[in-house]
Amino acid sequence: MYLVLVFVGLTLLEISLSEDDGRQPKEATYKKFVGERHYMIPFKTRISQPFQEGQTIHGVGMIKSDAKRIDINFHKGAGANVDLPLHLSIRFDEGKMVYNSYMNNVWGSKEQRLKNLFKPNTEMDIRIRIINNKYQIFANRMDAGTFEQRAPLDGVDHVSISGDLINLSLFHYGGRIFPIPYMAIAEVVPGKRLDISLLPTGKRFNINLYNSNRQHALQISVRFNEGTVVRNAMQNNDWGREEREGVIPIVKDEIADITIVNERYSFQIFFNGIRFTTFAHRGSPDDIRTLEIDGECEIFSATVNDAISI
């Protein structure tokens with residue numbers, strides 16, 4: 001059974017078509033993130049659906065040069081003294097990320113602390129993953145550690161971010177627990193983009209896009225054991241020539257955001273928001289039907305979105 005990908009996805013895109021085919025190159029710029037905008041600080045929003053196991057809360061912003069603290073809270077209600085199942089305080093003056101909870105008008109008796117991996121005057125990319133009754137914290141894609149989940153998330157209906165940020169450009173949550181291998185309907189036709197967020201954990205993983213004949217329209221094979229990203233496709237049930245140019249652009253055990261944009265003459269491939277390569281279509285660009293992800297990785301999200309230039 002296939003699952004339809006319908007969530008909102010994220011990714012940085014500034015792309016240009018290869019000139020190898022002799023056509024006039026088409027330059028297009030896409031939003032860095034689907035849903036990107038300028039949020040005011042302090043920021044507070046109502047969440048439309050309750051948080052679920054496997055979801056990731058993702059925020060991106062620019063840290064002030066003289067930053068002291070940034071606070072992230074999960075609220076049960078919109079008032080001033082409501083329960084906070086999660087209070088995460090990023091403390092530059094102490095060099096720590098501090099977790100606590102505020103329940104029934106009382107702060108938890110013991111704070112949990114992790115090293116603060118963020119630096120003033122740099123971008124903050126923070127992700128909080130809800131997994132196994134814990135909060136798994138990723139700081140600029142790196143696993144910073146986990147906090148025990150002290151209180152149920154039932155009733156959490158607001159999230160706030162405040163403190164020493166110049167701006168907040170992204171707030172997003174989504175994802176779930178994905179099986180490996182994972183397969184879903186993913187009609188990534190021209191004008192669409194596939195956004196995948198995952199954590200590589202071993203020697204290799206593969207992203208496969210199949211056509212209606214169950215042949216590979218594109219395979220991206222990330223091989224840490226070989227230090228390369230192999231791209232290939234099939235024609236008439238035979239594999240074509242492998243493309244191996246380029247240095248592997250991601251790191252094992254750090255979150256990787258992978259974007260594939262289907263343009264009329266080629267796929268544009270991005271890792272962590274940076275264009276990696278162009279892969280010329282070897283079949284019909286309109287015949288992309290299913291996605292499969294296999295190998296040694298944990299999938300955080302996989303979404304199909306409009307690739308609208310700005």
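Observations, loosely collected:
- Checking the Cα-Cα distances for 64/252; 64/203; 134/252 against a 28 Å cut-off, the pairs over it are 64/252; 64/203.
- Cα extents of the chain along the three principal axes, largest first (Å): 67, 40, 35
- Calculated over segment 53-174: convex hull of Cα atoms, volume per residue (Å³): 102 Å³
- Segment 266-310 - Rg (one decimal) and Dmax (whole number), Cα, Å: 12.8, 35
- Within the listed set 277, 122, 56, the Gaussian network model of the chain (springs between alpha-carbon atoms below 10 Å) gives the highest mean-square fluctuation for 122.
- Rounded to whole Å, sorted largest first: equivalent-ellipsoid semi-axes of segment 150-229, Cα gyration tensor: 33, 18, 17
- Contact order normalised by residue count of segment 53-174, Cα under 8 Å, 6+ apart, percent: 38 percent
- Selected from 294, 157, 93 as most flexible by GNM, with the chain as the system and alpha-carbon contacts under 10 Å: 93
- Cβ-derived FRET efficiency at R0 22 Å, residue 180 paired with residue 244, nearest 0.05: 0.35
- The chain: most fluctuating residue of 109, 101, 212 per GNM, C-alpha cutoff 10 Å: 109
- Here residue 119 is the anchor, and the aspartates and glutamates within straight C-alpha reach of less than 17 Å, apart from those fewer than 8 places off in the same chain, are 66, 71, 93, 94, 143, 164.
Each reported figure results from applying straightforward, stated rules to the coordinates on display, with no laboratory input. From a predicted model like this one, the values you see are computed outputs, not experimental measurements. Neighbour counts are summed over all protein chains in view; Cβ atoms, including those assigned to glycine, are modelled from backbone coordinates with ideal geometry.
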